[in-house]
Amino acid sequence: MALLDAAVIFVASLLVGTVAILAGVRLIVDADAGVSNALFTALVGAIVWAVSSALVDRFVLFDWLPILGVVLMLVAWIGVLNWRYPGGWGTAAAIGFVAWIVAVAIVYAFTLVDVLAPEALGIPGA
């Protein structure tokens, strides 16, 4: 059952992340980003977040300042947005902020009707 739960959470997170990134790109860049592009970005972003999180946890270089590890992971995730969409780091940060707000709103709405648990976000740090 745990494997099925993990698969459902992964798919739900990926879908929420895709919709959120798509909304952020359409609002900030004012262009049709395409669902497949947003899906790929959400997938790569989740992988980068997980790897950077594991590295920060593994090497424990930042025990004296825990927020630094989270900031480094966030910068890595915004770096993926910067790589995938035009406009530079400021635009990527704005896309990420809008995506985070949209993801929180989606999950909150699904939580109200008992469809998703708040942990299945798809946007890092939310």
remark   = Here, V104 and V70, labelled 7 Å along Cα→Cβ, have an inter-label distance in nm of 1.2
request  = Would you mind ranking I67, I101 by Cβ crowding within 10 Å, fewest neighbours first?
outcome  = I67, I101
Sites V113 and D5 - FRET efficiency at Förster radius 22 Å, r taken between beta-carbons, to 0.05 = 0.70
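Each reported figure results from applying straightforward, stated rules to the coordinates on display, with no laboratory input. Remember, predicted model here, so these are calculated numbers, not experimental data. Cβ sites come from the backbone with ideal geometry, for glycine too, and all protein chains shown count toward neighbours.
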